[in-house]
Amino acid sequence: MPEDGIVCLDNGMYKIWFARNYRTHIANTLLLDNALATMGAGLPSAMMASMLYPARRVLAVCGDGGFMMNSQEMETAVRLGLNLVVLILEDGAYGMIRWKQAADGFPDFGMTFGNPDFVRYAEAYGARGSRVESTDGLAPTLEAAFKAGGVHLVTVSVDYSPKTCGCWSRSCATRRRRRDSRHRRLHADGGKKLQDRRRAV
Ligand SMILES: Cc1ncc(C[n+]2csc(CCOP(=O)(O)OP(=O)(O)O)c2C)c(N)n1
Ligand SMILES: [Mg+2]
């Protein structure tokens, strides 16, 4: 993104990455709602940013769950002739809650779902859609989407498994990073209690 580009986040796991690592140089170029943290806000806030600053690049970053909470606003964005790109991080799950559930030692239950084909979904609204197939493809796909103008949806698969965010698997690869006392208690016996609990469910 250029320095004056505006990134508008929805709410999910990736918000933590942006909050920690995304450097801004101009005020209000990273819109991040950490108060009520409402899912579904990414696309509408990008639409407003694009209306206020039509000459600047605007990128909404959404999880698949959050995007689907307000995705019908694609129609409004197309109808108003806005220029914006929506990047969807697709893990087929409410990733952040799935992670919290695992970090608290609960079974991996009820947090996954299926998605529409987001490229065709975008096209159904008269927008453009692209799927990123490799890490190297991300930047050029975004660049092409901004250059093309209009409403453009870019979807990319994301893997939030233990490598990325911690206690996820039975082996609990990053438990040493966890300060949560409940979590520590569950692992005090090498994970036996946790396994018993999983067996019981
Ligand atoms: C309206 C609303 N419902 C529920 C929540 C609780 N919540 C926070 S993050 C999250 C999951 C987000 O899933 P997704 O958008 O797919 O992002 P991911 O974490 O998978 O990247 C949920 C359910 C919320 N913040 N807002
Ligand atoms: Mg998700």
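Summary of values
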read-out	value
Residue that is out of contact with any strand residue (DSSP E or B) (no Cβ under 8 Å at 6 or more places or on another chain) and within 12 Å of ligand 1 (Cβ to nearest atom), where the choices are 70, 115	70
Which listed residue is surrounded by 14 or more Cβ atoms within 10 Å (Cβ to Cβ), over 23 Å from residue 75 (Cα atoms), at pLDDT 95 or above and in contact with a strand residue (DSSP E or B) (Cβ under 8 Å, 6 or more places away or on another chain), from 150, 95, 129, 137	95
Residue list for region 44-68, restricted to those being surrounded by 19 or more Cβ atoms within 10 Å (Cβ to Cβ) and within 16 Å of ligand 2 (Cβ to nearest atom)	60, 61, 62, 63, 64, 65, 66, 67
Residue list for region 3-31, filter: closer than 21 Å to residue 93 by Cβ and of a type outside the set (D, E, K, R)	9, 11, 12, 13, 14, 16, 17, 18, 19
Flag if residue 114 is part of a loop (DSSP other than H, G, I, E, B) and modelled with pLDDT under 95	no
Verdict on residue 12 being touching an Asp or Glu at 6+ places or on another chain (Cβ under 8 Å), within 29 Å of residue 108 (Cα to Cα) and either at pLDDT 95 or above or buried (at least 16 other Cβ atoms within 10 Å of the Cβ) (or both)	no
Any helices (runs of 4 or more DSSP H) falling wholly within region 1-104 and containing at least 2 residues that are free of Cβ contacts under 8 Å to residues at least 12 places away in the same chain	14-21, 42-52, 95-103
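The values are calculated or read from the model by the stated rules, or taken from the named source; none is laboratory data. Keep in mind that what you see is a predicted model, and the values were worked out from it rather than measured. Here the Cβ is made from the backbone with ideal geometry for all residues, glycine too, and neighbour counts use every protein chain on show.
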